[in-house]
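Read the structure below first, then the notes.
The values are calculated or read from the model by the stated rules, or taken from the named source; none is laboratory data. Computed from a prediction, not measured in an experiment: that's the story for all the values here. Note that each Cβ is placed from the backbone with ideal geometry, even for glycine, and that neighbours are counted across all protein chains shown. SASA here: full protein model, heavy atoms, side chains in, ligands and nucleic acids out. Shrake-Rupley method; radii C 1.70, N 1.55, O 1.52, S 1.80 Å.
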Amino acid sequence: MKFAIIRFPGTWSDRDCYHVLHNVLEQQAEILWHRETDLSRFDAVVLPGGFSYGDYLRTGAIARFSPVMEAVASFAEAGKPVIGICNGFQVLCESHLLPGALMRNQSLEFRCEWVHLRREGGATPWADGIADGEVIRVPISHGEGNYYADAKTLDELELKGRVVFRYCDAAGEVTPAANPNGSARNIAGIINARGNVLGMMPHPERAGEALVGGSDGNRMWESLIGQAVALVG
């Protein structure tokens, strides 16, 4: 597959994503400046983590108006896979490609640590290779990862199976203690109605090799790649 990795001013996780996709998983990947307007040559789009535009105004609020985002919206509307990681998740919410918002961590502290996530919810090419109820371990690194949405939106996300990752403990139990940022209902990742757009605060690209502490993050990339291979086959 060919992945487009979008770089905004202030993005810092683009090279991490490139390393895992290109060097570890042996996929084609290209880092694109945010002024790019043509994504037609790519199979998937990655909005990586960082502090786009220095997080001025509001996280993701300025990046939402970058030229590339119109192309990303069209890409998503066509049913093609898009993932927003950390700041990328914030950009997706600001762009209204996903509902809700990411607020300051409940602790008012920047949290950088490994967490456990439980796979649940409906179908998405980004996680269909992970069994329902399976627990994976990946790191977080954010100060504004507290997912918020009104009760009606949260209920709809739950009803439609759009909550695909939830903070839990190592045994898969969803508890307040396992919630690192105060996110509503321990939500760590959600998808759009079609399932092709995933937003998540944890960093799968930081869990791509045993050398850095684990490779569970590859499960998301491998899930998408596996679906693509199955379609071609």
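Hey, could you check the range 1-12 for residues that are in contact (Cβ under 8 Å) with a residue 60 or more places away in the chain and within 16 Å of P81 (Cβ to Cβ) and say which is most open to solvent (accessible area, probe 1.4 Å)?
Checking each candidate, the answer is M1.
Find all pairs meeting these conditions: Cβ atoms under 6 angstrom apart; at least six residues apart or on different chains; first residue within the range 13-39 and surrounded by fewer than 16 Cβ atoms within 10 Å (Cβ to Cβ); second residue part of a helix (DSSP H, G or I).
Going by the 6 Å Cβ cut-off, the qualifying pairs are T37/A71.
Looking only at the range 75-85, which residues are open to solvent by less than 50 Å² (accessible area, probe 1.4 Å) and among the hydrophobic types (A, V, I, L, M, F, W, C)?
Selection gives F75, A76, V82, I83, I85.
Just to be sure I understand, how many residues within the range 49-74 are out of contact with any Lys or Arg (no Cβ under 8 Å at 6 or more places or on another chain), open to solvent by less than 10 Å² (accessible area, probe 1.4 Å) and closer than 23 Å to H22 by Cβ?
4
When A230 is evaluated against the numbered criteria (1) open to solvent by 50 Å² or more (accessible area, probe 1.4 Å); (2) farther than 12 Å from W114 by Cα; (3) of a type in the set (A, V, I, L, M, F, W, C); (4) modelled with pLDDT of 95 or more, which criterion, by number, is the only one it fails?
Against the list (1) open to solvent by 50 Å² or more (accessible area, probe 1.4 Å); (2) farther than 12 Å from W114 by Cα; (3) of a type in the set (A, V, I, L, M, F, W, C); (4) modelled with pLDDT of 95 or more, A230 comes up short only on (4).
Might you check whether a residue that is open to solvent by 10 Å² or more (accessible area, probe 1.4 Å) and within 14 Å of the chain's Cα centre (by Cα) occurs anywhere in the range 103-118?
no
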